[in-house]
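Novice: Before anything else, here's the structure in question.
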Amino acid sequence: MPQYYRYSEDRSRSLNQKKKRRKVWRNRILAALAGLAMVVGLFFGVRTAYRGIRGWVNSVMGETETQENTQPGQSAEAGTQETAPEETENNAKMHEAELAEASRLAASYDYDGAVAYIQSLPGYADEPALMQAIQDYLNLKTTLVKADITQVYHVFFHSLVVDTELAFYKAPQSEIDGYNQVMTTVDEFNAMLQQMYDRGFVLVKLHDMAYKDADGKLVKGSIMLPEGKKPFVLSVDDVSYYAYMTGDGFASKIVLDENNFPTCEMVQRDGSVTTGDFDVVPILEKFVEQHPDFSYKGAKGCLALTGYEGIMGYRTAPKYGDPSNSEYKPEYASLNWEEEKAGAAKVAARLKELGWEFASHSWGHVNMTNADLDWISTDMRKWMEQVDPLLGGGTDIMIFAFGADIGSWRNYTEENEKFVYLKSLGFTYFCNVDAYNIPWVQFNSTQGYLRQGRVNLDGYEMYYRADKLEVFFDVETVFDKSRPLPVPKY
């Protein structure tokens, strides 16, 4: 054999041996480091770690490996990317409506409600987006803190002034002073809501503050809110739209619009009747719709009703439908009394669905501090017979007319016959007026009641006690400059 071929054969054999030895060492290194990859894989993924080690060995040994498991048109690097976020995003699009409903509940701090809603959906556990939403809501729930119910504020209003020229300058002189003192204008109310929202106030119900457990015992509620939020109750007195106010620049009735949401009728200067956001109910409804975090679990306000003319602008009192009533007038014959009652009941039921509460303001706007028990019982029998049924029955909130309480600041006891009587009718929550102690709450589990002081956000308080209201808003920027000054004193 020629020397050249012998040399080539020896050289080839030598190279093959070197390759075999290199391959043996490469495989040994791979085997050893693959064990380490098993541990590393606990944190980074076995497959990814092994590929990294394999690539490093190949580079050291001077060899290249063909990338595996690569989809057509896709790089090996792209093939290792996580697809879970994209899958979750696509899954979220599939459940957009369900997630929106859960988000609506969560926006008002009802994380339990949001989770329960998702868990009511068939197959929710197999849907990544739904499971992620549940985890997010559970995490947010851990950030909430329990509010001290003795520090819950309570503010109240009367009917809002829509047309300030009519109310403050063209109404009968006998009424102008009262309107200026105890009413709030629409502009003032809007400004108050915005500033209170900006300062972290959140609407709650009286029934959020305390409730009766399965044994009928009154216990403190658990109001859970983010740190720094300030719970408050809002109420409105005399939501009856009395006849004497017609034409003076106020709403005249609460009605339901074509979407079954509350709005208000108002008699305009030319005598025509229009609907719009003319009072607390529709204005607050829309504000909460735009700012759901202003309401704890859908809470709105509490409407205090008398009954001697009717409720919410409906003429439901017997004098409007009973010709034998001593106060009946011939012009009432044009009213359909049964329709008036049915209309009031329909609106009340819808307002309850939307988170509103109702309270007795006595039937005849009675000063219960001065009235004796006979007078109170006669009046309340009328309220229980004529008003409570229209509200669905079971009204348990008493908002005292004139803020006139049935006792001093001390706890009610069984010796207080007025308290015992009202409690026998089912009343559990009692609200007076206290513009000095803000807030003021008295909880008594032994006697089974909650008592709360309210502060009136009206012309009188803003003009004479602005410092007391600064916790809620900046009075100077809220005060309506159209008011005649000075605001009359009581």
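Values in this text are rule-based calculations from the coordinates and carry no lab data. Quick caveat: nothing in here was measured; it's all calculated off a predicted structure. With ideal geometry, Cβ positions are generated from the backbone for all residues, glycine too; neighbour counts draw on all protein chains shown.
Novice: Fewest to most neighbouring Cβ within 10 Å: what's the order for Arg350, Arg454? Kindly include the intermediate steps, with their values, before the conclusion.
Specialist: Numbers: Arg350 15, Arg454 26.
Final ranking by Cβ density, sparse to dense: Arg350, Arg454.
Novice: State to the nearest 20 debye the size of the charge dipole of region 85-142 about its Cα centre, where the only charges are +1 on K and R beta carbons and -1 on D and E beta carbons.
Specialist: In debye, rounded to 20, region 85-142 gives about 220.
Novice: State the three equivalent ellipsoid semi-axes of region 149-233, derived from the C-alpha gyration tensor as the square roots of 5 times its eigenvalues, in descending order and whole Å.
Specialist: Semi-axes, largest first: 36, 17, 8 Å.
Novice: Excluding same-chain pairs closer than 8 in sequence, count the lysine pairs in region 250-363 whose Cα atoms lie under 20 Å apart.
Specialist: Within region 250-363, the lysine pair count is 16.
Novice: Within region 407-477, report the chymotrypsin sites (Phe, Trp or Tyr not before Pro) that DSSP leaves as loop and that have at most 16 other Cβ atoms within 10 Å.
Specialist: Trp409, Tyr436
Novice: Also: What is the Å³ per residue value for the convex hull set by the Cα atoms of region 437-490?
Specialist: On the way: hull volume 5.1 nm³, N = 54.
Cα convex hull per residue, to the nearest whole number: 94 Å³.
Novice: Same structure again: Over region 147-478, what is the relative contact order in whole percent, taking alpha-carbon pairs under 8 Å and six or more residues apart?
Specialist: 20 percent
Novice: Here is a further query. Calculate, for Ala107 and Tyr464, the FRET efficiency according to 1/(1 + (r/R0)^6) with r their C-beta to C-beta distance and R0 35 Å; round to the nearest 0.05.
Specialist: That gives a FRET efficiency of 0.40.
Novice: What is the distance, in nm, between label points placed 7 Å from the Cα along the Cα-to-Cβ direction at Gln194 and at Ala125?
Specialist: 5.0 nm
Novice: Estimate the FRET efficiency between His291 and Asp374 by the formula 1/(1 + (r/R0)^6), using the beta-carbon distance for r and 35 Å for R0, to the nearest 0.05.
Specialist: With a Förster radius of 35 Å, E is 0.15.
Novice: Of all chymotrypsin sites (Phe, Trp or Tyr not before Pro) in region 301-406, which ones are in loop regions per DSSP and have a Cβ with at most 16 other Cβ atoms within 10 Å?
Specialist: Values: sites: Tyr308, Tyr314, Tyr320, Tyr328, Tyr332, Trp337, Trp356, Phe358, Trp363, Trp375, Trp383, Phe400, Phe402; in loops: Tyr308, Tyr328, Trp356, Trp363, Phe400.
Hits after loop and neighbour filter: Tyr328.
Novice: Sticking with this one: Among Met384, Met312, rank each residue by its count of other Cβ atoms within 10 Å, from fewest to most, as a rough exposure measure.
Specialist: Met384, Met312
Novice: For region 169-257, which GluC sites (Glu not before Pro) pass both filters: DSSP loop (anything but H, G, I, E, B) and at most 13 other C-beta atoms within 10 Å? Don't jump to the answer; show the numbers that get you there.
Specialist: Values: sites: Glu175, Glu188, Glu227; in loops: Glu227.
Loop-located and lightly packed - Glu227.
Novice: So, one more: May I ask for the distance between the Cα centers of region 210-231 and region 296-313, given as a whole number of Å?
Specialist: Result: 22 Å between the Cα centres.
Novice: State, to one decimal in nm, how far the label point of Lys93 lies from the label point of Leu140, with both points 7 Å from Cα in the Cβ direction.
Specialist: The answer from the label model is 2.4 nm.
Novice: For region 147-478, what number results from the quotient of the Cα radius of gyration and 2.2 N^0.38 Å? Walk me through the numbers on the way to the answer.
Specialist: On the way: Rg = 19.3 Å, N = 332, 2.2 N^0.38 = 20.0 Å.
This ratio for region 147-478 stands at 0.97.
Novice: Calculate the FRET efficiency for Asn437 and Asn260 from the Cβ-Cβ distance with a Förster distance of 56 Å, rounded to the nearest 0.05. Show your work: numbers first, answer last.
Specialist: Working: r = 40 Å, r/R0 = 0.72.
In this case the efficiency is close to 0.90.
Novice: On to the next question. Taking Rh as the Kirkwood radius computed over C-alpha pairs, what is the Stokes-Einstein D of region 336-483 at 25 °C in a medium of viscosity 0.890 mPa s, expressed in µm² per second?
Specialist: 142 µm²/s
Novice: Continuing with this model, one more query. Taking amide hydrogens as modeled 1.01 Å from N in the peptide plane, which residues meet the under 5 Å criterion relative to Lys253, leaving out close sequence neighbours?
Specialist: HN-HN under 5 Å from Lys253: Glu265.
Novice: When the scattering of region 85-142 is computed by the Debye formula from its Cα atoms alone, each counted once and equally, what is log10 I(q)/I(0) at q = 0.13, 0.15, 0.26 Å⁻¹?
Specialist: -0.27, -0.36, -1.06
Novice: For a quick check: sort Ser222, Ser408 by the number of other beta carbons within 10 angstrom, fewest at the front.
Specialist: Ordered by Cβ neighbours within 10 Å, fewest first: Ser408, Ser222.
Novice: Length gain on complete extension for the stretch Thr275 to Glu327, per 0.36 nm per residue less the alpha carbon to alpha carbon distance?
Specialist: 15.7 nm
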